[in-house]
Every structure is written in C-alpha cells, then in structure tokens.
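Step one of this worksheet: look at the structure below.
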Amino acid sequence: MATLSIKQVKKSFGKTDVIHGVSVEISDGEFIVIVGPSGCGKSTLLRMVAGLETVSDGEIAIDGKVVNDLEPMDRDIAMVFQNYALYPHMNVRENMAYGLKVAKVPAAVRAEKVNAAAERLQLTDYLDRKPRELSGGQRQRVAMGRAIVREPSVFLFDEPLSNLDAKLRVQMRLEIKELQSSLGVTSLYVTHDQVEAMTMADRMIVMNGGRAEQIGTPLEVYEKPASLFAAQFIGSPAMNLFRGYIENQTLRLDNGATLPVSTEHSGPVQAGVRPEHLYPADQGPLDMAVGYIEPLGATTLQHGKLQGTDVAFTVCLPGIVDPNSPGAKRFDFDNHHLHLFDADTGAALSR
C-alpha cells in the first residue's frame, strides 16, 4: 500500500513538449483513472510513473520516496498492459510466477501466492494451459494475476480492456474494480473510454494536449465540468453546445431565443446542456428540427439541428419514440443544468 505523488511533471522529446506540468496527489488505496483522447499524453504519464519513460522535469514519489531515477523493477509497481504480454511458451502457472522467480522467491512461497491469486481470479482450472488455449478475458486475468502475486505498492493499468469485446469489457471492468477495492492497492488506470472512467474511478484525470484539464470524482466532472473540453469529452451522448451572448443576466442564442441566467458575466459565451437533461415542452426555448431518430430500447436519441442555426443537437428521451414522426420539436430544461463557458478560453463560468 502506498501514496503516489506527481508534482509538476513534464516530458519533452527533443524540443517537443508532450506533458506540460501535471500535478496530482493520490491517496493510499485510491483508484485514479487517466482519461482522454488519443495523443493527449495519458499513456506517457503512466509510463513515467512506471519508469519506462524518463521525467524531463518535476517529481514522482511513491510512499514519500522520489523514484525519478529508479529503475522500474525498483519502484515496487506492477503493470498490466493492453496486449497482456504473456510468455506464449509458458503455462498460466509459470506466467503468473515468473516475476517472483526472477526475484528469487522460494518455490513454495511462489506456489502459495499463485494458487491464492488463481482462486481469486477463477483461474485454478487453467493453471496448466498455455495462453493460446485461453480466451481474451482469461488472458487478461492471467496478466492481472501476475501483478497480484507480486503484492506491489502501486498497480498501473495501460488500457487493459481495449482488446476485449463490448460485453466482456463490462464484465472485466467490474471485476477489476472489485479486485482493486478488495486488495486496497493504489491504482492508476489509463483509458480513452469515458464510460470506463465514469464507472471505475474514485477520481479521474481528464487529459487534453498534455495537460490535466480537470481532476475530480466522476460526478464532479460530469456535473461541474471545469472547461469546454471536459464538458464535451465526459458524457454520452456528448453535451449540446450553442453560441450565445450574455447581457443583464439574459443569454441570447444565435437564433434569437433567450434564457435567464444567474451570472454576472457579460459577453459572448458557449452554452451547453446535456441531451439527457432536455424534455419536451410546447413553449420550450429550444426549437429543434429533427433529422433522424435512433431507438436504443430503454432510451431514444433524436438528432437534428437547432432551428435557424447549423448547430448539431441531440436529445435523449426515455422509452421508445415513434421513428416515423420526425419534425420540429421544442424542448426545455431546468436552469441548473445549463453550463456556461468563456467563448475565448473555454473555462467554465461561475454561476
């Protein structure tokens, strides 16, 4: 068990800066998810914690000990990779025990740790099989078992579920979260999937262009996004955005619609409301020309544009909506679900 401290960490490749001063304090046993689009620097940050990339500036400390110059094997971490990284010529038992064998742990102790991890991961019946004889989910469990037996201070996960199908991903993310909670091991988990981030994280780090756009619990980021990027990235379907101008606590949209707002800000803004927070209203301020309807069973998505604009717009409605009735629709929302962002900087405006 350990704390993890990342202080103003930067990474450069030659003259190209890829991580621009990320700081976060991670508590003992906390599950942190680093989430963001491809190329945002999330895997690079994880690899610096692991010691697979050097730190250009800043400090990384595990349980109070600075590890910038330590080799990966000396950092007391265990890493689970996207491609499992199993030895094909070894069976499950040998794969799980290999790290302990290299560390010269006695054979009896190795066997005890492997058997305990295999039972926890439901791998007992597969210990004598080779990786090629296992399903994707079973291979991922073996990779996790190899990490568990080492009893590390910190777990690092680099997009471990990317190679699995959708149903298995749901199952495995629940298993990983339950396993981490029962072990109480500090964990850093990288993913580009915001659903994984929302369902697994104690806190998440939303990365954008090598910077930590926002750090907070999933609900904090969802309900109070700190920036336009965080608002758009977290939430599915994505938040609806439309341009407007605030004057005297009134927001006037580009199509002429007006909305009361409780902010002292004046000037151009980007306003946003999530599709699931909209509801039909005959006198609603948002007039939508429906393009097509996407039935999902429990919910129905209506896609189109705001009347009088080229702004794409999506509404999420409960239940089933007749797909043969597209046309103009009006919608409203509760005022506390309206998000306002500075038109120039993208920073959230206080309300």
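The values are calculated or read from the model by the stated rules, or taken from the named source; none is laboratory data. Predicted, not measured: the structure shown is a model, and the values here were computed from it. When we count neighbours, we look across all protein chains shown, and the Cβ atoms used for this are built from the backbone with ideal geometry, even at glycine. These accessible areas exclude ligands, DNA and RNA; they are computed on the full protein's heavy atoms, side chains included. Shrake-Rupley method; radii C 1.70, N 1.55, O 1.52, S 1.80 Å.
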Next on the checklist: Against the conditions (1) in contact with a helix residue (DSSP H, G or I) (Cβ under 8 Å, 6 or more places away or on another chain); (2) of a type outside the set (S, T, N, Q); (3) in a helix (DSSP H, G or I), where does L52 fall short? Just the number, please.
Outcome noted: (3)
Checklist outcome for this item: The condition of being surrounded by fewer than 16 Cβ atoms within 10 Å (Cβ to Cβ) and modelled with pLDDT under 95 holds, among K7, K101, only for K101
Next on the checklist: So if I check each of L183, L168, L219, L228, which one is among the hydrophobic types (A, V, I, L, M, F, W, C), in contact with a Phe, Trp or Tyr (Cβ under 6 Å, 6 or more places away or on another chain) and open to solvent by 10 Å² or more (accessible area, probe 1.4 Å)?
Outcome noted: L228
Checklist outcome for this item: In the set E247, E223, E196, the lone residue that is in contact (Cβ under 8 Å) with a residue 12 or more places away in the chain, acidic (D, E) and out of contact with any Lys or Arg (no Cβ under 7 Å at 6 or more places or on another chain) is E247
Checklist outcome for this item: Every listed condition ((1) touching a residue at least 60 places away in the same chain (Cβ under 8 Å); (2) touching a Gly at 6+ places or on another chain (Cβ under 9 Å); (3) assigned to a loop (DSSP other than H, G, I, E, B)) holds for N83 save (2)
Checklist outcome for this item: Within the range 251-263, residues being open to solvent by less than 50 Å² (accessible area, probe 1.4 Å) and either assigned to a strand (DSSP E or B) or at pLDDT 90 or above (or both) number 3
Checklist outcome for this item: Contact list, first residue from the range 103-119 and closer than 13 Å to R141 by Cα, second anywhere and of a type in the set (D, E, K, R), beta-carbon distance below 8 Å, six or more apart or interchain, is V114/R93; A118/R93
Checklist entry - Hey, any hits in the range 271-285 for a residue that's part of a loop (DSSP other than H, G, I, E, B) and touching a helix residue (DSSP H, G or I) at 6+ places or on another chain (Cβ under 8 Å)? => result yes
Next on the checklist: Take the residues in the range 121-163 that are under 17 Å from the mean Cα position of the chain (by Cα) and not charged (D, E, K, R); name whichever of them is most open to solvent (accessible area, probe 1.4 Å).
Outcome noted: N163
Checklist entry - In the range 105-205, which helices (runs of 4 or more DSSP H) lie fully inside it and hold 1 or more residues that are over 19 Å from V33 (Cα atoms)? => result 107-120, 136-148, 166-183
Next on the checklist: Residues that are assigned to a strand (DSSP E or B) and either among the aliphatic types (A, V, I, L, M) or within 17 Å of N208 (Cβ to Cβ) (or both): does the range 34-42 have at least one?
Outcome noted: yes
Checklist entry - Which condition does S12 not pass, out of (1) buried (at least 20 other Cβ atoms within 10 Å of the Cβ); (2) more than 26 Å from G216 (Cβ to Cβ); (3) touching a residue at least 40 places away in the same chain (Cβ under 8 Å), if it passes all the others? => result (1)
Next on the checklist: Cβ-Cβ under 8 Å, sequence separation 6+ or interchain: first residue in the range 45-59 and at pLDDT 95 or above and among the aliphatic types (A, V, I, L, M), partner assigned to a helix (DSSP H, G or I) and open to solvent by less than 10 Å² (accessible area, probe 1.4 Å). Which pairs?
Outcome noted: V55/M48
Item to check | Enumeration of residues in the range 306-320 that are surrounded by fewer than 17 Cβ atoms within 10 Å (Cβ to Cβ) and not in a loop (DSSP other than H, G, I, E, B) | outcome: A312, P318
Item to check | Check on A117, closer than 22 Å to V185 by Cβ, in contact with a Gly (Cβ under 9 Å, 6 or more places away or on another chain) and open to solvent by less than 30 Å² (accessible area, probe 1.4 Å) | outcome: yes
Item to check | Selection within the range 231-249 - in contact with a Pro (Cβ under 6 Å, 6 or more places away or on another chain) and open to solvent by 50 Å² or more (accessible area, probe 1.4 Å) | outcome: Y245
Next on the checklist: For the structure I just gave you, tell me whether G209 is more than 25 Å from T300 (Cα to Cα) and surrounded by fewer than 19 Cβ atoms within 10 Å (Cβ to Cβ).
Outcome noted: yes
Checklist entry - Just to be sure, is E159 at positive phi and in contact with a strand residue (DSSP E or B) (Cβ under 8 Å, 6 or more places away or on another chain)? => result yes
